[in-house]
Structures are given as structure tokens and as C-alpha cells.
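The values are calculated or read from the model by the stated rules, or taken from the named source; none is laboratory data. Quick caveat, the model's predicted, so the values are computed rather than measured. So basically every Cβ, Gly included, is an ideal-geometry build from the backbone, and we count neighbours across all protein chains shown.
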Amino acid sequence: MPPTTIITMLLFSKARSLLNPATRHLSRHFTAGTTPLSSRIVIAVGGNALQRRGERLTIENMLKAAADMAPTIAALAKEHEVVLTHGNGPQVGELALERSAATFDVLGAESMGQIGYVLAQALSSAGCPSTPLLCQVVVDGQHEAFKDPTKFVGPIYGAKEATALSQSLGWVMKPDGEYFRRVVPSPPPMEILQVDAIKTLLEHCPQTLPIACGGGGIPVQRVPSNPRTLIGVEAVIDKDACGAKLATELEADGFIILTDGGGIWQNYGKPDAREMKRASPEYLLGTKAGKNFPGSMGPKIQAAIDFVSNSKKKGVWAAIGDLKDAAKIFNNEEGTVVREDVEEGVVWREKKSSASSGPSKQSKEPHKSG
């Protein structure tokens, strides 16, 4: 290729980057009550979002649930630069039941492809082109998480059924609310190997929404004698922890964790429950909020803290809220926003909001996610 052609291509690429929303977002910051255009947002949805309560986990039901969710994501993608990540707890749990001999790195890859396809179909129908990516995430194979499995995967079981599965398949089962679920090791993410590919997609295909790091990514570790060589690991990385890592690596302005139970609550499920409107990482860490919330809410709070605390950008924020309220989270009308500059560390929502709309089932049922 002639040198003049190469120079022309580089100049065109530079000019395009200056005009592209994928680069303009770097100077934008979120403030409560505003929705700046071209903000880079990582959105994490639970695998449970594709499984309605009481319905069987089938492709048909997943497609229906995805079709309901897609317009919300597509609407946000029209105003912001969105990267979508998702859980896979219910899906990978079902695959493990069908193929008990398969390792979790392989099952994770299978579920990532399955869910990515379902989401891409739904987003396309909503007018939002997307590209699912298989992402490998490096973990430390010697991490203490392998000694004490904590990550819930798969469906819930009664005590007798949980005992039977533990004895027959060697699964580690732990209580989640009044029920039991299988648990597997969940080491923290150290490196997202496809992060440069995601950045390239954002910079050169700004109209295409990346679907990345599904289920926390495929867990792998480097071979000490040859770091270029990767081997799969029998584990599941928490999707919110990986989402926070992804948001940090992409220099995102915001990180949203969508749940089926609203934002961060004090005394969740009790008569005196109240929801945080805004909270600082220092406040949450000082009250050890992540350890006082039932089910899987603790890791979500920790992921929000990690993103806000570890980001090199100024004015970043994280938010936790209900999937159906995703658009309102940007204005802090719903859910909880976590950011550094919160006066006195916390702002509570009106009692009317938290008492009347606050879910109360979490004290009896596990806070399902994935």
C-alpha cells in the first residue's frame, strides 16, 4: 500500500475519532438530574432478567423476556455509548445439570454464546445493532476463593433435594434465604483479555452495541512456565465484579447494575425499610452495607464501590436499580447512585417511596441474580 494512502487513512481515522461519540464522551461527567449525551455506560443485567419468576428456563421464554427488556436498553443506547454485560446464573446452572461432566469454563462459554445470541436478536428487533463477544478473563488459580466456594449458580432447591444432589454429584450447596443453591469458586477478575477488541468496536463501530463479559467472562489462568498459554479454570466470576472491572478498563462514565429488587435498602423487607438515594463508597464501607444485605446484594454493592473507587476519571458514578426503572436511574429518580461527592455520605429517599414500593419478599426468598 502506498505511503500516501496509509497517511490518508490515518488522518481520516484521527478526524473520525474527534467527531465520534466514542471519544467525545471522555470529557463528559454525570450529575444527578441530567442526562449528558455521549456518556460511556456499562450496563449489567442479571441472568435472572431472562427468566421470569415461575417460568421454565427455555429458549422461547428467554426470547420473550429479552424482547421485553430490549427496548429499554435500545433507548439508552440512542443517547449514550452503552456496553452491555449480563449474568448467566440460571442458564449455566441448567447446563451443569444437563452435562455434569463439563467444566465451568466450558459451560460459561456455552451460556455466554447462548445468552449473547438471545440478546442480540432482541436488540436487533428493537433497532439496536449489537455484537456479542466471547471474553476470557484471567484469574489467580491459587486464590483463596477456591477453598471456600461462594458463587450461587443454577436454580433453588429444597433441603432434601440439595442434600441428594450434593451426595450424588459432589456439589457444594449453601443456603440462599430459605432455599439452597449450588455454589462454586468465584475468584476476582484480574485481566479482561478482549478489552482492546471492545475498545476498537466502540471507536470504529459506534452504532454497534458490544455485549461483553457475559457471566463474568470465561475464567482462565496463565501457565506460570509460559504466560502466553491459557488454561480454563473451574470457577464462575461474579458478573458484577467483572462489570466493574470492564467499566474501569473502558474508562466509563457510569456503571449500572440492574436488579429485580430496586436499589440499596436499609432493613430490607422490614416495616422500617428505607432506600438510599445516593451514597458514597466511604459510607457504604463504613457501615459494612455489603455484609448486611441478604442474598446476592452484597457483591453488587461491592462492585459499585470498586468502580467508583478504582476509576481514574473524575465524577464517575455507579447505580443499582430495578430493570424496569433503568431510564429513571439516570436522573436518580429511582434506585441508588454511588459516587464520591455525597454530602454527609448518604441521602435517603422519602419514606413514602421506600415504604410503599419497597419489596418485602427478600427476607423469605433469595435475591436471585446471575
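Is it true that some residue in segment 92-114 is surrounded by 21 or more Cβ atoms within 10 Å (Cβ to Cβ) and either on the phi > 0 side of the Ramachandran plot or part of a loop (DSSP other than H, G, I, E, B) (or both)? The answer is no; no qualifying residue exists.
Among the conditions (1) closer than 30 Å to ALA162 by Cβ; (2) modelled with pLDDT under 90; (3) touching a helix residue (DSSP H, G or I) at 6+ places or on another chain (Cβ under 8 Å), the only one that ARG53 does not satisfy is (3).
ASP148 meets all of the listed conditions (1) at pLDDT 95 or above; (2) assigned to a loop (DSSP other than H, G, I, E, B); (3) of a type outside the set (Ser, Thr, Tyr) but one, namely (1).
Scanning segment 243-263 for residues that are under 14 Å from the mean Cα position of the chain (by Cα) and in a helix (DSSP H, G or I), we see that the one that is surrounded by the most Cβ atoms within 10 Å (Cβ to Cβ) is GLY243.
Only residues that are over 12 Å from ALA235 (Cα atoms), touching a residue at least 12 places away in the same chain (Cβ under 8 Å) and surrounded by fewer than 20 Cβ atoms within 10 Å (Cβ to Cβ) were counted across segment 120-155, and they come to 10. Filtered by the rule that a residue be of a type outside the set (A, V, I, L, M, F, W, C) and at positive phi, segment 173-219 gives GLY177, GLY215, GLY216, GLY217. Can you confirm whether ARG222 is over 13 Å from the mean Cα position of the chain (by Cα), within 19 Å of VAL347 (Cβ to Cβ) and at pLDDT 95 or above? Spelling it out, it is not the case that ARG222 is over 13 Å from the mean Cα position of the chain (by Cα), within 19 Å of VAL347 (Cβ to Cβ) and at pLDDT 95 or above.
Among the residues of segment 219-242, those that are under 18 Å from ASP140 (Cβ atoms), surrounded by 24 or more Cβ atoms within 10 Å (Cβ to Cβ) and of a type outside the set (Gly, Ala, Ser) comprise PRO219, VAL233, VAL236, ILE237, ASP238, CYS242.
Identify the residue in segment 313-370 that is closer than 23 Å to GLY298 by Cβ and among the basic types (Lys, Arg) and, among all such residues, is modelled with the lowest pLDDT. For segment 313-370, the residue satisfying everything is LYS364. Among residues of segment 175-196 being at pLDDT below 95 and part of a loop (DSSP other than H, G, I, E, B), the one that is nearest to LYS147 (Cα to Cα) is PRO185.
For LYS199, the conditions (1) part of a helix (DSSP H, G or I); (2) among the basic types (Lys, Arg); (3) over 24 Å from the mean Cα position of the chain (by Cα) all hold with the exception of (3).
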